[in-house]
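These notes are about the structure you will find just below.
Read-outs throughout are calculated quantities, based only on the coordinates presented, and are distinct from any laboratory measurement. Source: prediction; values computed, not measured. Counting neighbours? That spans all protein chains shown, and the Cβs are built from the backbone with ideal geometry, glycine included.
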Amino acid sequence: MDYALVVALEMVRAIAWLVLLSAGLAIIFGMMRIINFAHGEFLMLGGYTVVISTGHGVNEWVAMLVLAPIVVGIFGVLVERLVIQRLYGRILDSLLATWGLSMLMIGGVTMIFGNSVTGVATPLGGMAIGAYQVPRYNFVLIIAAALLLVAIWAVLKFTKAGLIARATMQNPDMAETLGIRTRWVYMLTFGIGSAITGLAGALLAPLTGVVPTMGVNFIAQSFITVITGGAAVITGTLSAATLLGTISQGTTFLSGPVYGDAALLVAALVLLRLLPQGITGRIFKRSI
Amino acid sequence: MTLISRRRLLQSTGTAAALTLAAPLVARAAGDTIKVGGLHDLSGALDAVGVPMNQVFQMAIKEINEAGGLLGKQVEAVVYDPQSNMSLYSQYATQMALKDRVDVVMGGITSASRETIRPIFHRYDTFYFYNTQYEGGVCDRNEITLGTTPAQTVARLIPYGMKLYGKKVYTIAADYNYGHITAAWVKRYVEENGGEVIETEFFPLDVAQFGSTISKIQGAKPDFVLSALVGTSHLGFYRQWAAAGMKAQIPVMSTVLGAGGSDQLILTAEEGNGITASFGYFEGIDNPTNKAFLEKVAAEYPDKNWVMSEISEVTYEGMMIWADAVREAGSTKRDALLEVLTSGKAYDLPAGKVKIDPKTQHAVRDVYIAELKDQVFEIKESFPDSPPTDTQMVCDLIANPKSNQHFEISL
Amino acid sequence: MEKPVTRDPGFYIMLAIGLAVMFIAPVWLDLFTIMQITQYVVLAVFALSLGYIWGFGGILSFGQAAFFGLGAYTFAVASINIGETTIPLILAFVIPTIFGAALGYFMFYGRLSDVYLGVVTLVVALIFWKLINHTAGPEYSIGEARLGGFNGIPSIPTLNIPGEPDAWLDPAQMFQVFMGILIVIYVALRLLIASDFGRVSIGIRENETRAALLGYDVRRQKVIVFAIGAGIAGLAGAMWATYQAFIDPNAFSMEMSAKALVWVMAGGVGTLVGPIIGCIVLQWLTLKLGTMALLNSIAVLGGIMMLLVLILPKGIVPTLKMLAINGWTLWRQGKIGGAVAKKAVKHD
């Protein structure tokens, strides 16, 4: 019984992990049709912000929840101004340029901070579920992922900014004609997407640690989650993360991590074959 | 153009090929410096390991030159950065052998990189030193291997752990050659000491989430966990282990943690405390050579953000042992050097006494067990003159000097 | 649009350059340089495979390395077991072709397109990469060949003369054989693109719906193009395996796929020379950076890539072509009258 509970908790945590990893990417891809290949390095930057600032005495939670999103968000806006804005409508050029950016960031961070920095310890410690010990921090991840999705949903659904964003997403030309400055919308979207990615990186840092090359391990997972989810930011991310997270964690418990990862990939493959536009291309079509 | 007959090649195990291909190499070492190749990853995934190795390598060359060089010439470093990429390893190895005509090469980090470059150096007769701890089994007269192997470290670590904690062991290892072979050695030593390995799990090198494993380990209730996890992603295990509050419940020992000299700094003190490891070198070794060595390193690299580890110290050993052999042989020719190296001479180095076993051309060396405390390894026990008995099971270069392979030691 | 191959001077120039390099290089250059150039030749074949399906079939594969790796491992396993290399080389073309056709059937008949297609190919490559990385234990061997997991397969045989397993090629001969393969593939692709089949492919690339409405079987066409690209990539993988004498799972890696994408983009999509040039320039750069311990090599390479996209978005070859044509026009106008030329300069 305890074991079943632990397994279930681990599955929910895996789903939350995927949601956090891919939410920022989903916003950028879903709204702007830009593939940010440096997504993993944006996560890394979020992690570094936490590690460096706590090293200078900043409170860990402030660093994770406030500082990291701000730093990475500003960095995102800069990247958008300098690079991305020249590449709208050129999905492949954007892929290539951001791939270059990812290498530049790996090398740059290595040059500035060196290749090994002491991480931050995972806060909150462990707690017992029956005979098992689990990190309390798992609940932080799960709550953060849930809050994040609710917040994005609320903004898109109920605010004027959300309305403008959705309009721009659906038909940029029409939106422009109606007097919306789509360029500003894009810049802010990229900035917000980056900020969310920074937050995710910050939340993951205590569990995985930070090194300049850590992004590589996450880019494929987040990318696949976003594409499998399809165009809708919230339902897409949530449904894809739930499906893929459950399948991969289930398989990991049954037969080890290699097959867990492979199962995630095979599931994505089958899903895309059945639903060529991603989950929200067919089901939950009118959702956001 | 000549065709190389395969039969001829097989008869002479590669020397025919070397002669045909490397005809211009006869003129090697005619220049006015002695060239030493250094092949360590300075960027990419392995740079945290490669950069310290390269720095210590450069320092050793400087030291040799300040002492007057070798054979009346200065020693010149030829350094390339393979960028953690096996294809570049093969490129640069060829370049060092054929174009730069270096006299010796130090380098290679993973076994994969070694098995990429070792055949190239063998084919072109370029003397090669591999200075990394690895799974054992290389048998090649062209290579000197100075790092520790499982028979030197795991063999000590397991009885130590079983005496301290108990007889039930849970093994977690990286899913590649090193991990599989080390796990096999763990099983053997545990059983030899009357214990039991209750489970062995392998993890791909890019796995960073260990939640499910940590729950499984708790269910299995071992006396201690033996980790042969490798690389920065796998450091996640130690963090998540600490985060679950497991540190107080089940002790962890590792065959790899700290090997590169940065793992113990990346983990926080609380996460690392109490992890036990075994290597051929720790900074805390108490002898005058080591003290002088560490002072020199601190003076040369005051800003370094790594700890001296086996892999870097052994790179220094490699340069010093080679230089000593060159002085004594009065030549840089491999065969003359091998004669000196395998003569049983004991070298007094920071890690203690090191000898070269003539049968395997691996090091016979002092091995230490240490426990991590506040990011520093404290030596608990030492075992002088440990021979590489694993490689000795499969390799005898005196009987088969033409051997040129990496044996998988079956257990 | 495409000119008939036989009337395109560029085609003959490329052919002449190729043949000249093939025969003159081994005489003039030293062994080491030859081995270096061999590397570019092999990777150029790989670049061509993607350059063809992307530029002339409109299929964007993010996982071209799946076929590269499949060809490499096929060759390695077959040659170690058979003890000669001719049949393995053929197998390394055939098996990826069949696999490419099967995967193409799976994708195109499922009406996958655009980014989704890219992701499926990427995922396939990643699955290969995961699984092959998992083959470290001794239980994973095919015949005499141990798959070796992360460490890969060492001691892959050098090419031998067909029918004479004992007659190995020396590096210069291997270079000539590879150069020959590159030339043959280049010529074959040029002819294929100029044929009716190729024109239909280009038509589909330009406008899929229109081609379908005109009665062409778009899906079948795409499957064939994709499978041909897969076969060529597989062949490149086999050449890579025998050239390096070892192969490891990185042949399947995302980096390998992405490299091909970058070469094609940098060189120019929609040309065949472009991918070859892009591959040579960028590989040379990677190699050069590693020998100069200036800055972090990876940072420099990334910076260059980013600038390339921003400054030369069309790729090297089309940009040069455009410059050449503009220059030519200017020169012609200059002959007719200085005033016109000045005007043209202003407009440019």
Averaged over peptide B:80-90, how many Cβ atoms belonging to another chain are found within 10 Å of each residue's Cβ?
6
Comparing A:V109, A:V62, A:V211 in a Gaussian network model of chain A (Cα, 10 Å), the one with the largest mean-square fluctuation is A:V62
Along the three principal axes, how long is the stretch C:201-328 when you take its alpha carbons, biggest first, rounded to the nearest angstrom?
58, 45, 23
Per-residue average of Cβ from other chains inside 10 Å of C:304-315:
5
For the protein assembly as shown, give the magnitude of the charge dipole about the Cα centre (Cβ charges: +1 Lys/Arg, -1 Asp/Glu; no others), in debye to the nearest 20.
3980 debye
Taking the Cα centre of the stretch C:5-313 as origin, work out the dipole magnitude from +1 charges on Lys and Arg Cβ and -1 charges on Asp and Glu Cβ, in debye rounded to 20.
860 debye
Test of understanding: express the Cα radius of gyration of the protein assembly as shown as a ratio to 2.2 N^0.38 Å, with N the residue count.
0.95
What is chain C's relative contact order, in percent, from Cα pairs under 8 angstrom and six or more apart in sequence?
29 percent
Pull out a ≥ b ≥ c, the square roots of the eigenvalues of the alpha-carbon gyration tensor of the stretch A:77-198, then state rounded if a/c is under 1.5, prolate if not and a/b is larger than b/c, and oblate in the remaining case.
oblate
Taking the Cα centroid of the stretch B:332-385 and of the stretch B:151-176, what is the distance between the two, rounded to the nearest whole Å?
22 Å
Return one number: the angle in degrees, 0 to 90 and rounded to the nearest 10, between the long axis of the Cα atoms of helix C:338-347 and the longest principal axis of the Cα atoms of chain C.
50 degrees
What percent of all Cα-Cα pairs in the stretch C:183-231 falls into each 10 Å bin, going from 0 up to the bin containing the maximum distance?
26, 53, 19, 2
Calculate the length of the line joining the C-alpha centroid of the stretch B:41-79 to that of the stretch C:22-101, in whole Å.
37 Å
Quick check on the stretch A:132-207: take the gyration tensor over C-alpha atoms, sort the square-rooted eigenvalues as a ≥ b ≥ c, and tell me if it's rounded (a/c under 1.5), prolate or oblate.
prolate
Over the stretch C:203-260: Kirkwood hydrodynamic radius from C-alpha pairwise inverse distances, Å:
13.8 Å
From the square roots a ≥ b ≥ c of the eigenvalues of the alpha-carbon gyration tensor of the stretch A:5-163, which class results: rounded (a/c under 1.5), prolate (a/b over b/c), or oblate?
oblate
Residues of C:122-134, mean number of Cβ from any other protein chain within 10 Å of their own Cβ, rounded to a whole number?
6
Pairs of alpha-carbon atoms within less than 8 angstrom and 6+ residues apart define the contacts here; what relative contact order does the stretch B:286-411 have, in percent?
16 percent
Sort B:212-218, A:158-164 for me by packing, meaning the mean count of neighbouring Cβ atoms within 10 Å per residue, highest on top.
B:212-218, A:158-164
Beyond 17 Å, what share of the Cα-Cα pairs of the stretch B:297-369 remains, rounded to the nearest whole percent?
50 percent
Please identify every one of the chymotrypsin sites (Phe, Trp or Tyr not before Pro) in the stretch B:208-309 that sits in a loop by DSSP and has no more than 10 other beta carbons within 10 Å of its own beta carbon.
none
Long-range tail of P(r) for chain A (Cα pairs > 29 Å, %)
33 percent
Computed over the stretch A:163-269, Cα set: Rg, Dmax in Å
17.5, 56
In the P(r) worked out for chain B, what percent of Cα pairs fall beyond 42 Å?
13 percent
Over all directions, the stretch B:30-134 yields a Cα convex hull whose mean projected area in nm² is 6.3 nm²
Globularity index of the stretch C:5-313, i.e. its alpha-carbon radius of gyration over 2.2 N^0.38 Å
0.99
C:N326 versus B:S410: modelled label distance in nm, points set 7 Å from Cα along the beta carbon direction
6.8 nm
For the stretch C:75-150, listing GluC sites (Glu not before Pro) in a DSSP loop whose Cβ sees at most 11 other Cβ atoms within 10 Å gives C:E139, C:E144
In chain C, with Lys and Arg counted as +1 and Asp and Glu as -1 at Cβ, which of these residues, C:Y73, C:S201, C:P96, has the Cα nearest the positive end of the dipole, that is, farthest along it?
C:S201
Of the beta bridges DSSP finds with both residues in chain B, what % are antiparallel, to the nearest 5?
40 percent
The relative contact order of chain B, taking Cα pairs under 8 Å that sit 6 or more residues apart, comes to a percentage of 18 percent
